[in-house]
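Below is one structure, written out as structure tokens; the observations come after it.
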Amino acid sequence: MTFKNTDERILTQLLDILAAAQTDDSLDIAFQLIDFESKDIGIAERFLLCLATVPYPNEVTITKLLKLFNRKIKSEKLRATMLISLSSLVKTYSRNNPKNMNSLIVQSVSDMLLRELSECDHAGCILNHILALRNAALPQYIPTLLEYIKKGGILGLVSLEAIKDIGEQHFTKEVNDVLLKVYNQFWPHQEPAARVLAAEILIKSNPTIETIGNIVLSLSDQQQPEISTLVLSKLYTSMQKSDTVRSCVKEVLRNVTFGNYNNLAQNGSSTSFINILQATHDANITYGINMEMRPTGMLRRTSLDLNLINSQENLHLLSLGLFVEGFGLTDEEQKANPEEHSAGMQLSVLGVNLRPYIFFTGTAELMGLVWSAAGSEPTPALQANFLFMDQYHSIILQNGINVDFILKGALSTDISGAAEVSMWNKNSHA
């Protein structure tokens, strides 16, 4: 192949174009250019991510990628990225035409995901497959996801995120009951972030007065003040966006049992809000920030979400989340549930959720990064060119002339990060 000896910077750009072309020939050429057995999986991962975001995948594309996945690629990270790409294509293919949800290729991929999930023998494998279920967002996954939600932990949190992405139109009474039990800590080992997410889903999914009342009444419990503060913040944010939520909350707060200082005056530092970044006549770009703190003042989780919104649709552009575990624990938390020191990042681009990027696990890796100054230079987390707009309309004018309207839009992304730590000055910045 002519391009095999091409400079890597040029080759990656060409592969981005081949992914955006969305044709059978372009996919065949890309598969010939990429060495999926190489130890360096950067080029392959970038191509698979670009392929995952195409607006109009076809059955042939999904079939070829499924055959590639079944080749049993050695790299576990690359296999995880293939799962993400494959499941994202299935979601787009199904939502472009609801009839495709019952197609043979969608059922084949769905059965494969559930089968491999049942065969997983360690938490990392389970996490990758639940992330794939989240990207596919098919309603038939709900029963499986509910079982992991009940077990709690990080797997329960990711399963909750998957339930949220599937959409409230597929929720049943069983789903709402499980969400309420997660929020009220009916099962042990529920992550604080899972409780907040369960409350957020309940608030946004056509809530009843009873549901809102249950949530407001629980805010008086100050065993986890940061959770109560964050839930109240999300409740206020939802009131600004939804007339249904606003009317329910106003009705509940008329009763002094709910609308009182004890419930509504929270003293935590966690917060959540959504503001407009850019406003036009046709659409708005909004940014949302969520910050979950620990009682000791240490950051636990934070995220930044960018969305393009018009009167009919809400297009997810980018989400960047950071999480920290094991730092800033109180003595009681350390005794009850000791956590290993770790930190990482979660990225989502155009509705495609990438596998988590772990900075370090354990104090040994952390100190190794500090002493080697490994993060002092900008390190790319995501570099790619995505096709996020591909529209075609044919208009027949009054005089009989055909006018073809073709609209294509690309998003060029470069997300990099750096951190410097000075042992001498005892400070750091990123």
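Read-outs: derived from the displayed coordinates by stated rules, not from any lab. Computed from a prediction, not measured in an experiment: that's the story for all the values here. For neighbour counting, all protein chains shown are included, and Cβ atoms are generated from backbone atoms with ideal geometry for every residue, glycine included.
Numerical summary
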read-out	value
Cα-based convex hull, the chain, per residue volume (Å³, whole number)	190 Å³
The chain: most fluctuating residue of 398, 240, 222 per GNM, C-alpha cutoff 10 Å	398
Full-extension gain in nm, residue 371 to residue 243, via 0.36 nm per residue minus C-alpha separation	40.7 nm
P(r) of segment 1-136 over all Cα-Cα pairs, binned every 10 Å from zero, in whole percent	12, 44, 33, 10, 0
Computed E for residue 277/residue 186 - FRET, C-beta separation, R0 30 angstrom, nearest 0.05	0.20
Proximal charge balance of residue 115 [Cβ under 15 Å; K/R count +1, D/E count -1]	-2
Pair residue 341, residue 284: separation of 7 Å Cα→Cβ label points (nm)	4.3 nm
Size of charge dipole - the chain - debye, nearest 20, with Cβ of Lys, Arg +1 and Asp, Glu -1, no other charges	500 debye
Of 130, 201, 73, the one that fluctuates the most in a GNM where the chain has Cα springs shorter than 10 Å	73
Max mean-square fluctuation residue, GNM over the chain, Cα-Cα springs under 10 Å, options 252, 231, 370	370
Inter-site label distance for residue 405 and residue 265 at 7 Å from Cα along Cβ, in nm	5.6 nm
FRET efficiency, 1/(1 + (r/R0)^6) with R0 45 Å, evaluated for residue 70 and residue 398 via beta carbons	0.25
Free-standing Cys, the chain [no other Cys Cβ under 4.7 Å]	50, 248
